[in-house]
There are 2 protein chains.
Amino acid sequence: MTGSTPSSWLMSSVFSEPLEPQAQRVLSDLRPQLIKARSVLFHPGVRPEGFLIVIDGRVGVYLVGKGGRELLLYSVSRGETCIQTTLGLLGQEPYSAEAVAETDLVAVMVPQAVFETLVATSGAFRGFVFRAFAARVADVMFVLEQVAFVKVESRLAHVLRERADPSGTVSATHQELAVAIGSAREVVTRQLRALASRGLVALERGAIEIVDPAELARLAEEIA
Amino acid sequence: MTGSTPSSWLMSSVFSEPLEPQAQRVLSDLRPQLIKARSVLFHPGVRPEGFLIVIDGRVGVYLVGKGGRELLLYSVSRGETCIQTTLGLLGQEPYSAEAVAETDLVAVMVPQAVFETLVATSGAFRGFVFRAFAARVADVMFVLEQVAFVKVESRLAHVLRERADPSGTVSATHQELAVAIGSAREVVTRQLRALASRGLVALERGAIEIVDPAELARLAEEIA
DNA sequence: ATCCGTCGGTGACATTGTCACCGGATCAGG
DNA sequence: CCTGATCCGGTGACAATGTCACCGACGGAT
């Protein structure tokens, strides 16, 4: 992913349509940065410095409540962007969201001035930005719908399916799953035991193995 | 608000910066429409036709769950815009949000092609669109934070303050308040009785009178 | 007046969140 | 290797909230 020529990241499939030449020129002046895992990219009260495009790695964006509780809003992976940064630039008050590098990152930070130039002059870049907005808002709305309307069991089944690796194993602590579904650690523990006693999953320290994917899928779709 | 000259709505304070002349020309070709109260502007499965700018009246945007439960995402008032329409145009699948005219409306529908032209050519229009995005996403994030982290009592106190008219009266049914805070009608009824028995509010059919604004404000800010 | 739909009220119960605590696993430093 | 320190998971008890099944009271329409 991390190429050798200056603007190789531009050539990767970050932009779905070809960029205009002048936009390419502007962007190829920007160098990808290396960011260590666990770095906090922004947090409440700190305005981000620009528009972040993730070339490689993964960023988690969390909503943090006053009581210290957290809720995962969405993850930003390769080729995607963190719209919170843009919103922070545009809007007035940054609300209480926090972005953390979940892995080591390769990312490009587009300064605000450059961002504004690109949005004004490049249709392809505009398209990229708008699509990113739409996708992120859809993510957040999905989380809202889950938290507001869906039972814990179903949310948990959903997130387990989402995070399972090809072999059917989910590497996550109960606490992490609780943050992903907007619940409490104890609740996740109990739900997992219930699922395990029904033979749907098997539990290990720091990991959950999916035993009955079909039934779990059914649970994830359950209404009410 | 509904002026007599063709483009009078453009002169109103919808745009915070002056529009470029060519953008004014494009927009003044669009005529405000009258929309009756209770009209559904869009709902799940129906793609909106354009970018809606509300000149007068109020639109409520709701998230609707499969079980029929509803949650108020935000209201769109004079000079604001419904970003869901834009997201629907840009994104792929419309999620399950529904927009309803809460009052009779005067609104301008900007067709997609015109919207794209304006975004490409007018910095003022772009600024308007981006600010609207930021404000709406902030609204939705606030709702999410409330639903995920805040107690019913506190949410209820907050929404009562928000909706009180200058005399301290809130005209809403328990059901409407329940939708506004993402809870159930029975829960709202019980919480209101509890507040009434503490002397913070007085209840009437279809309305709540705020008796102790200061204490209600304290509740609305409560953590945990 | 009577019918009908909306609004509010309530008990019983299921689900979820919170608090207080515990013991085992893991890991870093001595 | 030992030893805290910390993280992870487990659990009981209880509080808060959601759900279900009703009910009566009210207000508008015919």
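Quick check, is B:Ala196 away from DNA strand D (no atom under 12 Å from the Cβ) and within 14 Å of chain A (Cβ to nearest Cβ)?
No; evaluated as a whole, the condition is false for this residue.
Determine, yes or no, whether B:Val170 is more than 12 Å from DNA strand C (Cβ to nearest atom), among the β-branched types (Val, Ile, Thr) and not assigned by TED's automatic domain parsing to the domain that holds B:Gly65.
No.
How many residues are within 12 Å of DNA strand C (Cβ to nearest atom) and not in a strand (DSSP E or B) if we restrict to the stretch B:183-213?
So the count comes out to 16.
Hey, among A:Phe149, A:Phe133, A:Phe115, which residue is within 16 Å of DNA strand C (Cβ to nearest atom) and of a type in the set (Phe, Trp, Tyr)?
A:Phe149
Residue-by-condition table, conditions (1) out of contact with any Phe, Trp or Tyr (no Cβ under 8 Å at 6 or more places or on another chain); (2) more than 24 Å from B:Gly65 (Cα to Cα); (3) hydrophobic (A, V, I, L, M, F, W, C):
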position	(1), (2), (3)
B:Arg161	yes, yes, no
B:Asp165	yes, yes, no
B:Ser183	yes, no, no
B:Val187	yes, no, yes
B:Arg190	yes, no, no
B:Ala202	yes, yes, yes
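When the residues of the stretch B:75-102 are narrowed to those that are closer than 17 Å to B:Gly65 by Cα and modelled with pLDDT of 85 or more, which ends up nearest to the other protein chains (Cβ to nearest Cβ)?
That would be B:Ala97.
For the stretch A:129-167, enumerate the residues that are assigned to a helix (DSSP H, G or I), among the small types (Gly, Ala, Ser), more than 7 Å from chain B (Cβ to nearest Cβ) and more than 18 Å from A:Gln191 (Cα to Cα).
A:Ala132
Give me the pairs, please: first residue somewhere in the stretch A:168-184 and surrounded by fewer than 18 Cβ atoms within 10 Å (Cβ to Cβ), second residue anywhere and small (Gly, Ala, Ser), beta-carbon distance under 6 Å, and either six or more positions apart or on two chains.
Short answer, once both residue conditions are applied: A:Thr169/A:Ala207; A:Ser171/A:Ala207; A:Thr173/A:Gly206; A:Ala184/A:Ala178.
Can you name every residue in the stretch A:109-136 that is out of contact with any helix residue (DSSP H, G or I) (no Cβ under 8 Å at 6 or more places or on another chain) and crowded, with 19+ Cβ neighbours inside 10 Å?
Once the filter is applied, which keeps residues that are out of contact with any helix residue (DSSP H, G or I) (no Cβ under 8 Å at 6 or more places or on another chain) and crowded, with 19+ Cβ neighbours inside 10 Å, the stretch A:109-136 yields A:Met109, A:Phe128.
Among the numbered conditions (1) within 26 Å of B:Arg69 (Cα to Cα); (2) open to solvent by less than 20 Å² (accessible area, probe 1.4 Å), tell me where B:Asp139 comes up short.
Among (1) within 26 Å of B:Arg69 (Cα to Cα); (2) open to solvent by less than 20 Å² (accessible area, probe 1.4 Å), B:Asp139 violates only (2).
Being in contact (Cβ under 8 Å) with a residue 40 or more places away in the chain and within 14 Å of chain B (Cβ to nearest Cβ) is the filter; apply it to the stretch A:43-68 and report the residue that is nearest to DNA strand C (Cβ to nearest atom).
By that ranking, first place goes to A:Tyr62.
Could you pull out every one of the strands (runs of 3 or more DSSP E) wholly within the stretch B:22-84 that has 2 or more residues that are closer than 19 Å to B:Gly127 by Cβ and open to solvent by less than 60 Å² (accessible area, probe 1.4 Å)?
Strands (runs of 3 or more DSSP E) meeting the threshold: B:50-56.
Does A:Ala124 satisfy the condition of being within 7 Å of chain B (Cβ to nearest Cβ) and under 30 Å from A:Val26 (Cα atoms)?
no
The values are calculated or read from the model by the stated rules, or taken from the named source; none is laboratory data. Just so you know, these numbers come straight off a predicted model, no measurement behind them. As a convention, Cβ positions derive from the backbone with ideal geometry for all residues, glycine included, and neighbour counts pool all protein chains shown. Side chains are part of the model used for accessible areas, which takes the heavy atoms of the whole protein and leaves out ligands, DNA and RNA. Shrake-Rupley method; radii C 1.70, N 1.55, O 1.52, S 1.80 Å.
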